[in-house]
1. Across the range A:1-56, what is the number of residues that are within 14 Å of chain B (Cβ to nearest Cβ), in a helix (DSSP H, G or I) and of a type in the set (S, T, N, Q)?
2. Hand me the list of helices (runs of 4 or more DSSP H) wholly inside the range B:52-165 holding 3 or more residues that are open to solvent by 10 Å² or more (accessible area, probe 1.4 Å) and away from every other protein chain (no Cβ under 14 Å).
3. If you scan the range B:181-197, which residues turn out to be of a type outside the set (D, E, K, R) and under 13 Å from B:L241 (Cα atoms)?
4. All but one of (1) in contact with a Leu (Cβ under 7 Å, 6 or more places away or on another chain); (2) within 14 Å of chain B (Cβ to nearest Cβ) hold for A:S223, so report the exception by its number.
5. Under 9 Å between Cβ atoms, which residue pairs at least 6 apart in sequence (or on different chains) link something in the range A:297-325 that is farther than 23 Å from A:Q167 by Cβ and within 14 Å of chain B (Cβ to nearest Cβ) with a partner that is of a type in the set (F, W, Y) and outside any loop (DSSP other than H, G, I, E, B)?
6. Going by what's in this entry, would A:V197 be described as over 30 Å from A:K119 (Cα atoms) and under 16 Å from the mean Cα position of the chain (by Cα)?
7. Within the range A:71-117, how many residues are in a strand (DSSP E or B) and not acidic (D, E)?
8. Can we say A:R68 is part of a helix (DSSP H, G or I), open to solvent by 30 Å² or more (accessible area, probe 1.4 Å) and in contact with a helix residue (DSSP H, G or I) (Cβ under 8 Å, 6 or more places away or on another chain)?
Amino acid sequence: MTPETFLETFERLRREVQRVIVGHEALIEEVLIAMLAGGHVLLEGVPGLGKTLLVRTLAQTLDLRYSRIQFTPDLMPADIIGTNVVMQDAAGRRFFDFQRGPIFSQIVLADEINRATPKTQSALLEAMQEHAVTAAGVHYPLEEPFFVLATQNPIEMEGTYPLPEAQVDRFLFKLRVAFPTPRDLVTILDRTTGPAVPTPARVATAADVLAMQALAREVTVASHVKEYVARLVRATHPEADGAASMARRYLRYGASPRGAQALLLAGKVRALVHGRTNVAFEDLRALALPALRHRLILNFEGEAEGIDPDDVVRNVLEEVPELGARV
Amino acid sequence: MDALRGTGPTARDVPLPLRRLLRRVRWAVARRRALDWMVQTTAVAAGASLVVTLLRTVVALDLSGLAVLAGGLGAALLAWLAGLLLPVGDAVAVARWADRWLGLRERTSTALELVAGRTRRTTLAGRTLEDATEAARHVDVAAAFPRRTPPGTRRAAVLVAAAVAAAVVLPGITVPGTPAHRVAEQIRREGRRLEEAARRLEQRARTERIPEARRAAPEVRDVARRLQQERVTRPEALARLGALEARLEQARRQVQERLEERGALRPPPDVPADLFRPQHRLERQVRQLRELAARLAQTPEGEQPRGDLLQRLGELAQGGEGELPAEARRRVEEARRQAERGDVVGAGQALTEALQELEGLEALTADEEALRQAQRQVAASAERIAQGPGAAPEEESPQAARVDPPARAPGGERAAPRGEGGAEPAEGPHEGVQPGRGSVEEKLGAPTRRLDAARARSRVRGQEGTGDVQSGELVGPARLTRVRTPLVRVTAAVVRRADAYLARVRVPADRRAAVRRYFERLAQR
């Protein structure tokens, strides 16, 4: 794959998704970037904004196996991973057979993930990090590409279990789905209430996605750009030298090294998407919010004052110079 | 490209458009930096100059605001040069500048790091280099670095204007009660002193017909008046006094050379050089010759003068080194020979010529002495100004303390009485004895100097040419004596009348101090 074919495929994907999803251009681009970076996405938004539709459309355009798991409080880990079932062959012999759960797909939609118990939520941990599951001591690798899109409702908190930090940290991006603009809303009404509902075409295969992921990792990054990523992440730590002022005041803990990895990897994909083979500062600035916002842990003061982690990330971007002190 | 050396690849590995771009960016950054540094340095220098100028109204600083500004502007020029010539950073740093200012999205710096081996080469490395090269071909460096006025230029210009205006207007202006004001007062005071000294010098030059001193007196007066009238700073005052002193020294040396040429400065063998006073010797010799000439004139024509006269002429003519100067000796010898032949008229003529020679030398020594005295006064003033207002006035030389009587005002009335050096009279005993005005000690202040009148020439009065006159020179320090006028307690009314009289009447300068001392002693009783 070349950068040109990468860009062409990406644009085709975007076009197809946008045939179904109205507006949300940035959201669509960020979801695609996360997928091509090999990461998972946590979508946050009130019901009815098209989160599920976005994931389903994406699966349709990619020719990947898709499954949807509706998280409920009584959902068990085995319901996600699968379980050993006693089977009987033609000779009448009984044996255990592993019945694969919905996680054995390539695009998994974990709908309303915060409704399940932490025990069930953590069933996703290994799958998301290792792209494999272990059941009854047997290791089952998942088919690549493997991509989890989880959704959660930020308003309806009763009967929900907030995701633990370790779980949240495994999402490459946390994306906020905004309410559509009036014009987009009119377009949505036009498309969804008419006689024909648009259906996306399949424009890429799993092999294409894997090739695109591989190419993204070849993008060149200059040393000072990497240093900028490190300084950005370090500035979210309240105790660190060079910490941003809001981080010092409102954060208990900053972004993990996984956040730096996520930012740089996503930056590489964005560079290709914008026709470059090197990462620029602007790629990092553009992706800092989705890559870092869910990795910041507010302290008591931050919680009490209702500080939005996005404000802290913006403050970090303002206070950390791109070129440091050397130039 | 220096950063690339030693890391394997060299500058040649960098594509030409990139090299060209880096060169142009490097120059643009250096140019902009040089201007920024120059403006910043200028602003700092102007601020410092302003501070110095303002400080000089309060503190006696020898540093001039203009000098600080000039130095600062020189430093600004150096800063500009340094900004142009000093390296702005290695090639990678310049590439980062290029990315930043030209909006190249880190293409240049990434490409350069790839060439330098600072970044791991991937399969896309070649594409990155091509991409950066292509971008470098199409950028407009001039548009990215437009000629601009450096930030802070207006502030620097305002500061420079303020510094120049302050340096022109403020020098010499001082805040009353501050050390700077005291220094300015002292300079004016010394100016008055010098003006008085110049007046005395001119008077003496006229009286004694000494040309060099007469020429120097207006110069001294001119400098003195400038010190009083103009707002002169201490360094300027010292410079002017230094130049005046040098001028006086030059004139004095010329006179001294002429005296040496004519042999008037050779001391007698029995007198140490430091105690030798050529003027006194010349005065004595003139007196001797006049006496001899008078006696010779009493000798009838055709008769041989008396033996002791011939013997005296012979002694003078035969005197060795350190006695009469050579020309005068030759004339005296000629007079003796003619007197021996009975040619009294010829002998008298020769003696007159010897006298003229001696009187010429006398005038030269007086000239030299007057110049030396003026020079000492100038040096003393300069020293007092240099030492500052704390310098004790008692340190001045007795000659400088001498005050002549008040000059007659243009209207014919006598000018108001003036104190030493032309200043208003210091508070003296006439105030201290006013009833109800405080104690005498408070009014008097520090005790005055001892009376140290200048040595006056003494002449023997009487009819010339009668009797034997013996005159000699007493070499040594003057004897200090005290005023012996009996002190009598007088009333305040008498003191007032005495003050009024002193203000009106012309009291000789060398007596005025004695009179004052008399009243001071009177007040202490």
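The values are calculated or read from the model by the stated rules, or taken from the named source; none is laboratory data. These figures come from a predicted structure and were not determined experimentally. Cβ: placed from backbone, ideal geometry, glycine included. Neighbour counts: every protein chain shown. When the accessible area is computed, the model is the full protein with side chains, heavy atoms only, and any ligands, DNA or RNA have been set aside. Shrake-Rupley method; radii C 1.70, N 1.55, O 1.52, S 1.80 Å.
1. The number of residues fulfilling the criteria is 1.
2. Hits in the range B:52-165: B:65-85, B:141-144.
3. Matches in the range B:181-197: B:I187, B:G191, B:L194.
4. (1)
5. A:P321/A:Y228; A:E322/A:Y228; A:E322/A:F281; A:L323/A:Y228; A:L323/A:F281; A:L323/B:W97; A:G324/A:Y228
6. Answer is no for this residue.
7. Looking only at that region, the number is 17.
8. Taking the combined requirement at face value, the residue does not satisfy it.
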